[in-house]
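Here the structure comes first, spelled out in structure tokens, and everything after it is commentary.
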Amino acid sequence: MPKFIKNIQMVDNESLMKEFLEIKKLQGRGEFTISAAEFTLNKFLGFYQGNMADSKGLAKAIQEFLLGKSNAYYNKQLSILGQYFRFCIENKLIKKNPCNGLKFRRCSARIIDHDEQTIRKFLSLPNQRTFSGFRDYVFMILMLDTGIRPYEAIQLVNSDIQENTVRVRAEVSKTRVERYLPISAQCSLLLKKLIAVRDISWNEKGEIFCSYCGEKLHRKAMQLRFLFYSKKIGVNITVYHLRHTFALWFIRNGGSAFALQKILGHTTLEMTKTYVNIAMTDVRKNHLEFSPLKNFTVKTNVR
């Protein structure tokens, strides 16, 4: 029996997975990335009870596991499984990656475009007389002013807030590249006020958008708060929708696609172009309706 088959049969999958995740941490991968990988691997290893050395059986199981997943979710889980089995190959536990041959699906970004009145209603909902309500309001304003990723926002600390900018540290950035986001005077003032109302006993290095008792917010906490507010107006608005709103109105107000790319932290212009295309549809509609040529057009005989 080949040595690699003996090894894979002797390995405890749980220990192997923990080692894989530990390496990801050492590589500087974020908490969200690590937890997503752990979730996917736990699900798959619970789903597949066959022999890990059976490459055909393993490949078939992966296809069945990914069946029915949305394109974006399919791609994320396929990527995680592919990385995990490459790790197994590097450790000479298997010879062939069972994910080979499975192609990533093309994803069309789904941009949510809420109208101005809806966003205004949403902003009026948090009770700013409470810490949690004021925190939620400032979070919304920051999202609308910068388009920062929600997960990046909830990890901001005091030292990240400067006079006219917000720093997204490399270790919390999705792309692992530090960037600085310009902020308006109103947003800057609100962030400073939020920091000022925090209890002085809370750690200076603690996150700005923390719980009412100074503890770190779970990544789903703000999602639940947004769901709470959404139910009040009967419109589903998620934390990520405000990033969409920022991007669309940035372009509508005359901002450049290149500037938007830098602010949003996109590695290429592809995703940024999606926002531009949607915003330009509005421009074309307005042009058709309000073109001055209508005022001067005379009838002509076209042959």
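The values are calculated or read from the model by the stated rules, or taken from the named source; none is laboratory data. Since this is a predicted model, take the numbers as computed values, not measurements. FYI the Cβ positions are ideal-geometry reconstructions off the backbone, even for glycines, and counts take in every protein chain you see. Surface areas here come from the heavy atoms of the whole protein model, side chains and all, with no ligands, DNA or RNA. Shrake-Rupley method; radii C 1.70, N 1.55, O 1.52, S 1.80 Å.
The set of residues in the stretch 119-158 being farther than 20 Å from Tyr212 by Cα and in contact with a strand residue (DSSP E or B) (Cβ under 9 Å, 6 or more places away or on another chain) consists of Asp145, Thr146, Gly147, Ile148, Arg149. Condition (residue is under 26 Å from Glu163 (Cβ atoms) and among the β-branched types (Val, Ile, Thr)) applied to the stretch 204-221: is it met by at least one residue? Yes.
Restricting attention to the stretch 69-85, the residues that are surrounded by 15 or more Cβ atoms within 10 Å (Cβ to Cβ) and farther than 20 Å from Met271 by Cβ total 7.
Taken over the stretch 171-181, the criterion of being surrounded by fewer than 13 Cβ atoms within 10 Å (Cβ to Cβ) and hydroxyl-bearing (Ser, Thr, Tyr) is satisfied by Thr175 alone. Inspect the stretch 111-134 for any residue being open to solvent by less than 20 Å² (accessible area, probe 1.4 Å) and in contact with a Pro (Cβ under 9 Å, 6 or more places away or on another chain) and give the result as yes or no. Taking every residue of the stretch 111-134 in turn, at least one turns out to be open to solvent by less than 20 Å² (accessible area, probe 1.4 Å) and in contact with a Pro (Cβ under 9 Å, 6 or more places away or on another chain).
Yes/no per residue for (1) over 20 Å from the mean Cα position of the chain (by Cα); (2) at pLDDT below 90:
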site: Trp249; (1), (2): no, no
site: Arg252; (1), (2): yes, yes
site: Gly265; (1), (2): no, yes
site: Thr274; (1), (2): no, yes
site: Thr281; (1), (2): yes, yes
site: Arg284; (1), (2): yes, yes
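One residue stands out in the stretch 172-194 among those that are within 20 Å of Tyr151 (Cβ to Cβ) and in a helix (DSSP H, G or I): the one that is farthest from the chain's Cα centre (by Cα), namely Leu194. Counting the residues of the stretch 43-98 that are part of a loop (DSSP other than H, G, I, E, B) and of a type in the set (Asp, Glu) gives 1. For the stretch 256-284, a residue qualifies if it is crowded, with 16+ Cβ neighbours inside 10 Å and free of Cβ contacts under 8 Å to residues at least 12 places away in the same chain, and the qualifying residues are Gln261, His266. In the stretch 208-219, the residues that are on the phi < 0 side of the Ramachandran plot form Cβ pairs under 7 Å with partners that are open to solvent by 60 Å² or more (accessible area, probe 1.4 Å), at six or more places apart or across chains, as follows: Cys210/Lys216; Arg219/Phe32.
Across the stretch 27-68, the qualifying residues are those that are within 18 Å of the chain's Cα centre (by Cα) and surrounded by fewer than 13 Cβ atoms within 10 Å (Cβ to Cβ), and the one among them that is modelled with the lowest pLDDT is Gly28. The set of residues in the stretch 151-170 that are out of contact with any Asp or Glu (no Cβ under 9 Å at 6 or more places or on another chain) and either surrounded by fewer than 20 Cβ atoms within 10 Å (Cβ to Cβ) or closer than 13 Å to Leu191 by Cα (or both) comprises Ala153, Asp160, Ile161, Gln162, Glu163, Asn164, Thr165. State whether the residues of the stretch 208-221 include one that is open to solvent by less than 90 Å² (accessible area, probe 1.4 Å), under 25 Å from Thr130 (Cβ atoms) and in a helix (DSSP H, G or I). Scanning the stretch 208-221, I find at least one residue that is open to solvent by less than 90 Å² (accessible area, probe 1.4 Å), under 25 Å from Thr130 (Cβ atoms) and in a helix (DSSP H, G or I), so the answer is yes.
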